[in-house]
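Chemist: Mind looking over this structure? Questions follow.
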2 protein chains.
Amino acid sequence: MRSVSIVGIGQTPVGELWDLSARHLAYQAISSALAEAGVEQADALFVGNMLSGNLLDQEHLGALVADFCGLHGIETAKVEAACASGAAALRVGAMAVASGFHDIVIVAGLEKMTDTVGKDTTAGLATAADAEYEALHGVSFVGLNALIMQRYMYEYDVPLDAFAGFSINAHRNGANNPKAMFQDAITLDDYVRAPVIATPINIMDSSPVCDGAAALILAPTEWAHRFTTNHHRGAVRILASASANDTLAVHDRRDPLFLQAAQISSQKALRQAGVALEDLDLFELHDAFTIMTALSLESNGFARRGEGWRMAQESEIGLNGRLPISTMGGLKSRGHPVGATGVYQIVECVQQLTGTAGANQIPQARLAMAQNIGGSGATIVTHILGS
Amino acid sequence: MRSVSIVGIGQTPVGELWDLSARHLAYQAISSALAEAGVEQADALFVGNMLSGNLLDQEHLGALVADFCGLHGIETAKVEAACASGAAALRVGAMAVASGFHDIVIVAGLEKMTDTVGKDTTAGLATAADAEYEALHGVSFVGLNALIMQRYMYEYDVPLDAFAGFSINAHRNGANNPKAMFQDAITLDDYVRAPVIATPINIMDSSPVCDGAAALILAPTEWAHRFTTNHHRGAVRILASASANDTLAVHDRRDPLFLQAAQISSQKALRQAGVALEDLDLFELHDAFTIMTALSLESNGFARRGEGWRMAQESEIGLNGRLPISTMGGLKSRGHPVGATGVYQIVECVQQLTGTAGANQIPQARLAMAQNIGGSGATIVTHILGS
């Protein structure tokens, strides 16, 4: 198996980008990633996307994006695993290079959720859940997470504002990320007074609906130096990649307060990379909702069960904390263009590992873990990257 | 790179299966493939599917299907490339085994197109085309193929019934396939009197809307004997796999009468396998419309340009002909559950190569090529299999 490196990255700003269609977003991210790697062609393009069929009446997205980018005669496909589509696409790209099927592969994450015509984004997001046993009964995706959060607060006797620190940390970091959707820090008061969406989830617990695209150029590690001599950024190696699934419906899960697929995929990834949790310099986790942040910290072993919320303070998760998370704003502040998120997380890890994270740079960051969650934990993909 | 073999196959009958939802179809195909391989677990499941997001309001299909099949803690994802989704998923599965990421991988093709609630299947199929530049203007997917067929007939001065033999051949073979949707032979008279859908395409030129699922179990070739000792079928090796793209919109294509991606992917596959066109014992091509059969024969080099339609006779394409095609009924008679079709094609090649194709068995078949087309030629995936 060949070792795989990331030799170029690209990303669009995240937001309500009404003047850009899906193809334009993808083009911006891919063309800047190709430029950074100093290549004009690739052997394959894998697009992580969740909602184009449902919201845009557009499938065949791999072919569409490649065509619009002027790439012909190459392999193209879309990879979908709900909100974990981006990391799932990265896995496919990594397999393509590791196997020798391809040498240079583009992995793009792409989602266009706003400015859709005659479509219901909330219903679209519910396609991540079980359509026949969850969505059909009217529960939205926020609703499912609200049930989990309610249960967590009851089970562990946790106060309503216990999660505020996760949101405050994300916004503090997003304020320094020029690509973030929300570039304003928030206070505890902002959190406490935020409108509730689905009890107990308020708007500050929840990541926003938005558009965005991000891209990575993959190449065999042994060739990586060829692509990185012309720009300031070095190559970053994919030290580990693992994916695991769990029940789709929350009501089928043995324990809705434990992300078993997070545990399985991160333990597998740590073994592959030969490192321990304590070795990680940062953890880009999937903070689609603050409850997911707490469950992620617990399920991956950073906190004991029922105590993940206690890490919601700057000394723990801030840029100078024990375990920096959401270092460029996370899903909450950078934004959560669902199928693109997994690729944004990797782009941000590459920024940290190459010393190009700007004001949010973590000094001497050498080892980063990213975790992308599909649905309420049915697909969880973990990557460990090293400089 | 490890060599990859197919050690188990499964398929549901194709048809309007109103009593089976997507998950039930997938379960039937996967469980019979696992049983044939004699395994109960796998490391990954990749589902080829095009329309679940658009027609079923269900994404996250990899996780859904794995969960319903009782498979947890494994990698799951959906792979989409319009009607080439099945073969695109097989490529991902093959890369997973070839790279060493996984050992035992399930590749399923799945589509549920009938009995959808409040959805328009014709509009769904148009998501394979360019939503903003083709579908938005009202052209259906049949309509796009009708434009191509019209142009072909004009350019090469071909009569209306020139394509009949392709349909007659497919139905002749489908009549002996117990899994086929249509198990009745047709006559030239049936073809000539068939109702027209979009001039000049009639109902006998066109594959049907239907439901179905098919599955493959992949393993490293060096281990293949472990899985095939307990059943009559031997393992079949994937000798070559290649994929190429072309412009998405037909109006952007340099020449709408030539499938450049077919040429690129088949030439690449032939080189990989180290064989020539003349060596092939059968060719499972993508006869979604009879015009696509003619273009496929020409673009892959079996016929000169403008002369593919001359092969529409039993001595050329019948089971005892020069190049048997659609040997189990093809998309026309077996049916075309779009995202599943690419996997059905492989299942049928495996039947032929293992001497289990029943009444349609091609004597001493040793080498088979399958080609799966997405859209009107924007994604074309070619596999060559050997016994």
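Here, each number is a calculation from the coordinates, and none is a lab measurement. Everything numeric here is computed off the predicted structure, so don't read it as measured data. Every residue, glycine as well, gets a Cβ built from its backbone with ideal geometry; the counts of neighbours run over all protein chains shown.
Chemist: Evaluate peptide B:65-75: per residue, the Cβ atoms of other protein chains within 10 Å of its Cβ; return the mean as an integer.
Modeler: Working: counts 2, 6, 9, 3, 0, 0, 1, 9, 10, 5, 11.
Mean inter-chain Cβ contacts per residue within 10 Å come to 5.
Chemist: Sorting B:Cys210, A:Cys349, B:Cys69 on the 10 Å Cβ count, fewest up front, what's the list?
Modeler: Numbers: B:Cys210 24, A:Cys349 30, B:Cys69 20.
Listing B:Cys210, A:Cys349, B:Cys69 from fewest to most nearby Cβ atoms yields B:Cys69, B:Cys210, A:Cys349.
Chemist: Over chain B, with a Gaussian network built from C-alpha contacts below 10 Å, which listed residue (B:Leu295, B:Leu188, B:Leu17) shows the highest mean-square fluctuation?
Modeler: Result: B:Leu188 has the largest fluctuation of those listed.
Chemist: Also: In square nanometres, what is one fourth of the surface area of the convex hull spanned by the alpha carbons of segment B:32-116? Don't jump to the answer; show the numbers that get you there.
Modeler: Working: hull surface 22.7 nm².
So the Cα hull casts an average projection of 5.7 nm².
Chemist: Could you compute the net charge surrounding A:Ala262? Neighbours are other residues with a C-beta less than 12 Å from the C-beta of A:Ala262; K and R count +1, D and E count -1. The partial results should precede the final answer.
Modeler: Details: positive: A:Lys268; negative: A:Asp246, A:Glu298.
Taking every Cβ under 12 Å from that of A:Ala262, the sum is -1.
Chemist: Peptide A:286-294: average number of partner chain Cβ atoms within 10 Å per residue?
Modeler: Details: counts 0, 0, 0, 0, 0, 0, 0, 0, 0.
If you average over the peptide's residues, the count of other-chain Cβ atoms is 0.
Chemist: Taking the highest mean first, how do the peptides A:173-180, A:269-276, A:49-56 order by number of other beta carbon atoms within 10 angstrom per residue? Can you show the working numbers first?
Modeler: Working: A:173-180: 21.0, A:269-276: 16.4, A:49-56: 28.6.
Going by the mean number of other Cβ atoms within 10 Å, highest first, we get A:49-56, A:173-180, A:269-276.
Chemist: Measuring nothing but label to label, 7 Å from Cα along Cα→Cβ, what are B:Gln150's distances to the other copies in nm, shortest first?
Modeler: Ordered by distance, the counterparts are at 5.7 nm.
Chemist: Taking every residue in B:241-252, how many Cβ atoms of other protein chains lie within 10 Å of its Cβ, on average? Write down the numbers at each step before the final one.
Modeler: Numbers: counts 2, 2, 9, 5, 16, 6, 6, 12, 2, 0, 0, 1.
The per-residue average across the peptide is 5.
Chemist: Also: Which shape class, rounded, prolate or oblate, goes with segment B:55-96 when its Cα gyration tensor gives a ≥ b ≥ c as root eigenvalues, a/c under 1.5 marks rounded, and past that a/b bigger than b/c marks prolate?
Modeler: Numbers: a/c = 2.79, a/b = 1.16, b/c = 2.40.
Oblate, since a/c reaches 1.5 and b/c is not below a/b.
Chemist: Still on this structure: What order do you get for B:Tyr154, A:Tyr156, B:Tyr191 when you list them from fewest to most C-beta neighbours inside 10 Å? Mind dumping the intermediate values first?
Modeler: Working: B:Tyr154 9, A:Tyr156 15, B:Tyr191 22.
By the 10 Å Cβ count, ascending: B:Tyr154, A:Tyr156, B:Tyr191.
Chemist: Let me ask you something else. I'd like the distance between the alpha-carbon centres of segment A:160-188 and segment B:330-387, rounded to an integer number of Å.
Modeler: 53 Å
Chemist: In addition: Does segment A:166-217 come out rounded, prolate or oblate by the C-alpha gyration tensor, with a ≥ b ≥ c the root eigenvalues, rounded set by a/c under 1.5 and, if not, prolate when a/b is larger than b/c and oblate if not?
Modeler: Oblate, since a/c reaches 1.5 and b/c is not below a/b.
Chemist: Hey, what did chain B get for relative contact order, percent, Cα under 8 Å, at least 6 apart?
Modeler: Numbers: 958 pairs, mean separation 100.7, N = 387.
Answer for chain B is 26 percent.
Chemist: Find the centroid of the Cα atoms in segment A:202-221 and in segment A:283-328, then give the distance between the two in whole Å.
Modeler: 18 Å
Chemist: How much net charge surrounds A:Lys78 when only other residues with a Cβ under 10 Å from its Cβ are counted (Lys, Arg +1; Asp, Glu -1)? Kindly include the intermediate steps, with their values, before the conclusion.
Modeler: Working: positive: B:Lys78; negative: A:Glu59, A:Glu80, B:Glu80.
Surrounding charge for A:Lys78 is -2.
Chemist: Working from Cα positions, state the angle (0 to 90°, nearest 10) between the long axis of helix A:22-37 and the longest principal axis of chain A.
Modeler: Helix A:22-37 and the main axis of chain A meet at about 60 degrees.
Chemist: Comparing B:Val196, B:Val347, B:Val79, which has the greatest mean-square fluctuation in the GNM of chain B with Cα pairs linked when under 10 Å apart?
Modeler: B:Val196
Chemist: For chain B, set up a GNM with springs between Cα atoms under 10 Å and report which of B:Gly70, B:Gly306, B:Gly62 has the largest fluctuation.
Modeler: B:Gly70
Chemist: Okay, next question. Is segment B:112-179 rounded, prolate or oblate when judged by the Cα gyration tensor, a ≥ b ≥ c being the square roots of its eigenvalues, rounded requiring a/c under 1.5 and prolate requiring a/b larger than b/c?
Modeler: Numbers: a/c = 3.73, a/b = 1.14, b/c = 3.26.
Cα axes put segment B:112-179 in the oblate bin.
Chemist: Using Cα centres only, tell me the gap between segment A:1-49 and segment B:238-273 in whole Å.
Modeler: Each part's Cα centre sits 23 Å from the other's.
Chemist: Next question. Using a label point 7 angstrom from Cα along Cα-to-C-beta, what distances in nm, from shortest up, separate B:Asp103 from the other copies?
Modeler: Distances between equivalent label points, in nm: 3.3.
Chemist: Too long at a 30 Å Cα-Cα cut-off: which of B:Lys78/B:Lys268; A:Lys119/B:Lys112; A:Lys268/B:Lys268; A:Lys112/B:Lys268; A:Lys112/B:Lys332; A:Lys78/B:Lys112? All intermediate terms of the calculation are to be shown ahead of the outcome.
Modeler: Details: B:Lys78/B:Lys268 25 Å; A:Lys119/B:Lys112 21 Å; A:Lys268/B:Lys268 35 Å; A:Lys112/B:Lys268 35 Å; A:Lys112/B:Lys332 35 Å; A:Lys78/B:Lys112 19 Å.
The pairs that break the limit, which is 30 Å between Cα atoms, are A:Lys268/B:Lys268; A:Lys112/B:Lys268; A:Lys112/B:Lys332.
Chemist: Turning to a different aspect of this structure: What is the sum of charges, Lys and Arg at +1 and Asp and Glu at -1, for the other residues whose Cβ falls under 14 Å from the Cβ of B:Leu144?
Modeler: On the way: positive: B:Arg151, B:Arg253; negative: B:Asp130, B:Glu134, B:Asp205, B:Asp246, B:Asp252.
Result for the local shell: -3.
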